[in-house]
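Please read the structure below before turning to the comments.
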Amino acid sequence: MRRTDGKLDFKRTVHVNKIFEPFPELDCKHGLPEGIFVHCSHYRLGYLFTNAGNPVTALLAIEGAADVGNMASDMSRVLSEESTAELMERAGVEPSHFDPVYNCFGHCFADSKFRIPDPTPILQDDFVECDQADATLVIAFDGNSPTFGLPLKLIRGKYRAKSGVLGIEEFDHWEDALTEVPHDYVRFYRPK
């Protein structure tokens, strides 16, 4: 990824994007079917750039613009009267388990500061497919679409993965991070 003075080059646009995502940890704590609780975050839409200069759509979280609510059976949004912090505290969810600032691809490619919806330009310009033994990251694919990314770097003997709005989770084996991820196959990559 292209950097200036050590920082990722990010070109902001005037557009703001809202993302609603499931928050299964809250559903589980309440014994509810998955998809009842959701989070909504607001992001500034912009672009990062590959080393070749190609744009990569990226979302920069707008600080303080996140909420957790529930979805009624008719799928209309029903905001909780409790604050996000109160709702999570009542549900017994640790604040460190909620982090909508970045996604798995932001964890892999963007210093854990952005959400990257599709890392395809990065994989094409800055990485090369390789054998697992030479890989620095693994990408899961559903059909031709990347669905999940994981750095293949052990930190204190664990693999660290980011999934959705959940905070970083640690796994003994990288394969364990994929158990809840829809995918048909994985590919291994290293930087060019």
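The values are calculated or read from the model by the stated rules, or taken from the named source; none is laboratory data. This structure is a prediction, so every number in the text was calculated from the model and none was measured. Here the Cβ positions follow ideal geometry from the backbone for every residue, glycine too, while neighbour counts run over all protein chains shown.
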Of those in the stretch 151-191 that are within 21 Å of TYR102 (Cβ to Cβ), part of a strand (DSSP E or B) and hydroxyl-bearing (Ser, Thr, Tyr), the residue modelled with the lowest pLDDT is TYR159
Of those in the stretch 113-166 that are out of contact with any helix residue (DSSP H, G or I) (no Cβ under 6 Å at 6 or more places or on another chain) and among the basic types (Lys, Arg), the residue nearest to LEU8 (Cα to Cα) is LYS113
(request) For the stretch 136-147, state whether one or more residues are acidic (Asp, Glu), assigned to a strand (DSSP E or B), at pLDDT 90 or above and surrounded by 13 or more Cβ atoms within 10 Å (Cβ to Cβ). (result) yes
Review point. Before we move on, is LEU178 surrounded by 13 or more Cβ atoms within 10 Å (Cβ to Cβ) and within 11 Å of HIS107 (Cβ to Cβ)?
Key: no
Considering residues that are loosely packed, with under 14 Cβ neighbours inside 10 Å, out of contact with any strand residue (DSSP E or B) (no Cβ under 7 Å at 6 or more places or on another chain) and over 18 Å from TYR159 (Cβ atoms), the number found within the stretch 113-135 is 1
Residue pairs within 7 Å by beta carbon, gap of at least six or interchain, first lying in the stretch 110-123 and over 16 Å from ALA161 (Cα atoms), second among the aliphatic types (A, V, I, L, M), listed first then second, are PRO121/VAL56; ILE122/MET1; ILE122/VAL56; LEU123/ILE139
